[in-house]
Each structure stands twice: as C-alpha cells, then as structure tokens.
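Notes to accompany the following structure.
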Amino acid sequence: MHGLAVLLFPAVLMLFALVMERMENEVDQVSVHRDQVEEFLDRAEPDEMTTLAVDGFPAALEEFRHRRDALNHPSDESDERPSRAS
C-alpha cells in the first residue's frame, strides 16, 4: 500500500502544479496594473464608482475606459449615417 502511495504522489503533485499554472495564467490576463487603478480612482465618476461597488473592478474599469476613449476620440454621428439627397 505504501508503494502505491509513493508511485501516485509525484503524479498527483505534477497534476496539481499544472492546474495551478493554468489558473495563474488566467489571473495574469485579468490583472490590472497599479497605474490603471490610480487613474481610475482619480478620474472616475459616481456611476463608475457604483459599478465598482456592484460589479467589481473589471466592469468599472471597462466603463471608465469606454468613457475616456469617447472623450478622447469623439465621433460625429452624422459622419456614421449616410445622408440622403433630397
């Protein structure tokens, strides 16, 4: 019985390490840098802070980025719609 445990323990440990590595990679993709957090906290509006409290930081940061990009690159809706010739 001890021999079976000695043989299975390294395999189980290896599988555990592989699973933890996969989880670490997923967490790294979702992680946010300190500069992004500081910018968000300095410039966020009340709606974005509510989103932070309710939905969490990723959703609030996405809303903040969307608003910031809209301010930096305003698009004219008249340009997007084709005008009709009368």
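What the table shows:
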| item | result |
| --- | --- |
| Qualifying residues in the stretch 24-56 (those that are surrounded by 11 or more Cβ atoms within 10 Å (Cβ to Cβ) and outside any helix (DSSP H, G or I)) - the one farthest from the chain's Cα centre (by Cα) | Glu45 |
| Residue check, Ala59 loosely packed, with under 10 Cβ neighbours inside 10 Å and either of a type outside the set (Gly, Ala, Ser) or without any contact (Cβ under 8 Å) to a residue 12 or more places away in the chain (or both) | no |
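None of the figures in this text is laboratory data; all of them are computed from the coordinates on show. Please read all numbers here as calculations on a predicted model, not as lab measurements. Counting neighbours? That spans all protein chains shown, and the Cβs are built from the backbone with ideal geometry, glycine included.
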